[in-house]
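For reference, the structure discussed in these notes is given below.
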Amino acid sequence: MPERVQITVAKSAGFCPGVQKAIDKVLGLAKNRHKTIYTLGPLIHNKQVIETLKENNIHSVDSVEEITEKNAILVIRAHGIPPDEEARIRALGLEVVDATCPLVKHVQENIRDHARKGCATIIVGDRDHAEVVGLMGYAGGRGYVVSGPEEVKDLPRFEKANIVAQTTQEGDVFMAAAAAARGIAGELSVSNTICSPTKQRQKETIEFAKDSDLVIVVGGKNSANTARLFQICSRLARKAVHIEREDELKERYFEGAMKVFITAGASTPTWMIEKVLEKARKLAGRKESALLERLAFGWKLIITGSFYTAAAAMSLTYVCMKLEGARVSEKFLMMAGLFAFSLHMANRTVEKGAAVPDRAQKLLFVKYRTASLATAILCGAAALALSAALGWKIFLAAGFLWFAGMMYPYKLPLGLEKFANFPASKDILTALGWTCMCAYAPGLWNSGALTNSTEFAVLFAFLLVFTRSVLFGVSHAHNDMIVGRENFYKAAGSRRAYVTLSAIFILLAAILLMLKGLDWKAGLTAALITGMLYYLGLMLFFFFRKIPERITAETLIDTQFLILALLAYTV
Ligand code: SF4
């Protein structure tokens, strides 16, 4: 039996915190302000992400003079700019938003403080890189850039000097340059300003590359930190390749390779790394059995085709109807399933369009989008037709929420835009839509008025679906997808989001325990308490950062509704 090829993906691969913060900042601006947003130079060196940003009305300019509109926002990207350049831009009257990475700011301050004490500045980095150009502006006219120790000897002698590194510099190169600088400076201050995410990325890369037959470095060809990673790997591994996309991988790269390591630059999104991993597995002959491969493909279709979402909504409806004491009717299950299917499919289609990389694929995508949106509208119309038979109140509520959900990815009419700009709006809207179809409609139809049972079912559905939506946001953010403040996780921050989810769990568990204590539907409440253990496990799983890739994450999240329905069915 042939030996199995071992493929390892770097833990540090994916957006660095500085890049992630800059992306969050511009997306927040795009969502909340009706102005065109310009970044001074590309926000990150990744074509696919830049395309996605363009779809969000965020464009890159090389100089501020290219901006002709008055009503625009200029964003200083993570690399930063020289202070005099910043002052010049601000004097032009443009609205300026600073997205300089705090770790770059720290280097700028270091240089400025030393320069004020009379030190010359030596920067070990790439002369033309935007970050280095920005740093030079803080050196008070006494800055020098060297690419490594060999260039230090060409510098003049200094009485006092401060040597710093570009934040993505290679550790060994910086230390060697600092050692060489001791010979030309009377007094030398050594500031190792390589940022900690870069140090961690390089440390891991060095550790694995030494032991690998093939290292695949994923990232923009114009990204300096990716190029540096590639240089390190080329020295250490038997073979190293630098690619931007998975289709650049060739079968010949894998000849004789038993240990493959995949790493990536600071501006490479996780979803691209996953595509590379999938392709590498195929080319390395790491084919799972044909049956397993077909099963995985089939499951992907079920998830991306929104069928599992529909099953989750139907399951929640079943649980709510049991809580409400209503006779379980297929009509309600169907209505909720079609409603959730329609919105999930429409939103997923729009989101996919933003990530389609090139023109040829975009043309293909137009056909796919037409078919998907038509299906989504038909299913939504069918759900609304079913709701119309239940009375005008239910029809109006369902119609409003469906319309708002369909329009959500676009510019909303009728003043709904204000709601879309509200933090966590997406999670709240999703929870309201599902609650209306899964709990409110069957409860109202069953009793003709809102009873205590319906009120509890409405609360139960709202909180569970809100949690589902927040966890989806966590998964998307973790997979470096474009997620904005419309998701609670982004708006509130990781800590507050998990505290809120824990509070929701405690509240629901406490109510269920109390109801069981009161002997209210004791069998059902006991079953749901058991089901809530899955909720707890899911939260802990996400909290300890064991967040898997998107399809698995979505499967795990929506499975909670199927488990609850199964448990409710047994009583
Ligand atoms: S590489 Fe480091 S300094 Fe540069 S943006 Fe990322 S975290 Fe900030």
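So here's what we get for this one:
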| item | result |
| --- | --- |
| Interchain or long-range residues, amide H under 5 Å from Leu155's placed H | none |
| Accessible area expressed per residue, the chain, with surrounding protein chains retained (probe 1.4 Å, Å²) | 46 Å² |
| Unit charges at the beta carbon, dipole of the range 104-194: most positive-side option, Val146, Thr168, Gly186 | Gly186 |
| Out-of-range pairs (alpha-carbon distance over 21 Å; input Lys25/Lys199; Lys105/Lys203; Lys221/Lys279) | Lys25/Lys199; Lys105/Lys203 |
| Computed Rg/Rh of the chain, alpha carbon atoms with Kirkwood Rh | 1.04 |
| Calculated FRET efficiency for the pair Glu159/Lys282, C-beta based, R₀ 51 Å, to 0.05 | 0.25 |
| Where Rh is the Kirkwood radius over Cα pairs, Rg/Rh for the range 104-194 | 0.91 |
| Pair Lys259, Asp113: separation of 7 Å Cα→Cβ label points (nm) | 4.2 nm |
| Potential extension, Ser147-Leu92 segment - 0.36 nm per residue separation minus Cα distance | 16.3 nm |
| Spin-label model distance (nm) - Gln6 vs Glu248, 7 Å beyond Cα toward Cβ | 2.7 nm |
| Sparsely packed trypsin sites (Lys or Arg not before Pro) within the range 509-560, loop by DSSP, other Cβ within 10 Å at most 16 | Arg545, Lys546 |
| Separation of the Glu51 and Glu455 label points, Cα + 7 Å toward Cβ, nm | 5.2 nm |
| FRET efficiency estimate (nearest 0.05) - Cβ-Cβ, Val499 to Met407, R0 35 angstrom | 0.65 |
| Structure-based [θ]222 nm, the chain - -39500 (n - 2.57) summed over DSSP H runs of at least 4, per residue, nearest 500 | -19000 deg cm²/dmol |
| Theoretical gain in end-to-end length, Leu566 to Lys331 [0.36 nm per residue, Cα-Cα removed] | 82.7 nm |
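The values are calculated or read from the model by the stated rules, or taken from the named source; none is laboratory data. Keep in mind that this is a model prediction, so the values were computed, not measured. A quick note on method: Cβ atoms are made from the backbone with ideal geometry, for glycine too, and the neighbour counts reach across all protein chains shown. With ligands, DNA and RNA removed, areas are computed over all heavy atoms of the protein, side chains included. Shrake-Rupley method; radii C 1.70, N 1.55, O 1.52, S 1.80 Å.
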